[in-house]
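Reading through the structure tokens given below for one structure.
No lab work stands behind these numbers, since they all come straight from the coordinates. Remember, predicted model here, so these are calculated numbers, not experimental data. Backbone-built Cβ (ideal geometry, glycine too); neighbour counts: all protein chains shown.
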Amino acid sequence: MKKGFIFDLDGVIVDTAKYHFLAWQNLANSLGISFSEEQNEQLKGVSRIRSLEKILEWGNKTISEEEFTRLMSEKNEEYLIYISKMDVSEILPDVPRVLDYLISKDQGIALGSASKNARVILDKVDLTVKFQAIVDGTNVSKAKPDPEVFLIGAEELGILPENCVVFEDSVAGVQAANIANMVSIGIGDANILHEADYVFNDFTEIKEEFINNLVTAKKV
Ligand code: B16
Ligand code: MG
């Protein structure tokens, strides 16, 4: 039986939240807005546009459309410098083991990320070749929790949504997977990701038996 396994990127395959944090913090500070790690948590899985809107809301600041566009590209330029230094050492523990196991079982594997930089990051960590489909922020018009990104992933794999499994670290991403009628697997804190069908702290906790059950389940 062939199932589709769709992976989010930031927070699931690599931890780029720390780089988003540095770049957003510099930008916020330049506007006289303070920006904490707790606030950065709230930007996980959120699109770039929405992230800047939220930071401006927190700082009670209104800016022109022109300035908004300029700040977004400034933030991204700084972020790109950080990710240009990434390498395989930044892949989160046991992600390659799970990917290789799924490949050995001839399962469908896709990426479903909100990031417009997803392809660059996958290349930097040498994982592009593992994915049969890559859907990212450049392919979607609606942000998570809209299920668009995962539905396109399923379509590109040629697998029905109900036969797909999503790995996600954000609440919005888990909701998107649920709305898409896919099995949702939260990676992170079970209290935060309580809407997921299953939650693991990280991939080291995901054993082959669990994956086999997902693969062989009649209707997952
Ligand atoms: P970019 P994911 C998301 O990636 C990040 O979690 C989120 O913090 C970021 O704002 C968003 O991508 C857009 O990223 O600025 O690179 O286009 O978790 O959906 O893989
Ligand atoms: Mg994520």
Next item on the list: Please name all residue pairs, on different chains or six or more residues apart, with Cβ atoms under 7 Å, provided the first residue is in the range 7-27 and is in contact (Cβ under 8 Å) with a residue 12 or more places away in the chain and more than 10 Å from ligand 2 (Cβ to nearest atom) and the second residue is acidic (Asp, Glu) and not in a loop (DSSP other than H, G, I, E, B).
Entry: 21/37; 23/78; 26/78; 27/74
Check: Which is basic (Lys, Arg), surrounded by 21 or more Cβ atoms within 10 Å (Cβ to Cβ), away from ligand 2 (no atom under 16 Å from the Cβ) and farther than 22 Å from residue 141 by Cα, of 3, 85?
Finding: 3
Notebook entry, point to check: Hey, residue 145 hits all of (1) of a type outside the set (D, E, K, R); (2) assigned to a loop (DSSP other than H, G, I, E, B); (3) touching a residue at least 40 places away in the same chain (Cβ under 8 Å); (4) within 13 Å of ligand 1 (Cβ to nearest atom) but one; which does it fall short on?
Noted result: (3)
Next item on the list: Give the range 64-105 a look and list any residue that's within 30 Å of residue 206 (Cα to Cα), among the polar types (S, T, N, Q) and outside any helix (DSSP H, G or I), or say none.
Entry: 84
Next item on the list: Could you figure out which of (1) more than 24 Å from residue 165 (Cβ to Cβ); (2) in contact with a strand residue (DSSP E or B) (Cβ under 9 Å, 6 or more places away or on another chain); (3) free of Cβ contacts under 8 Å to residues at least 40 places away in the same chain isn't true of residue 72?
Entry: (2)
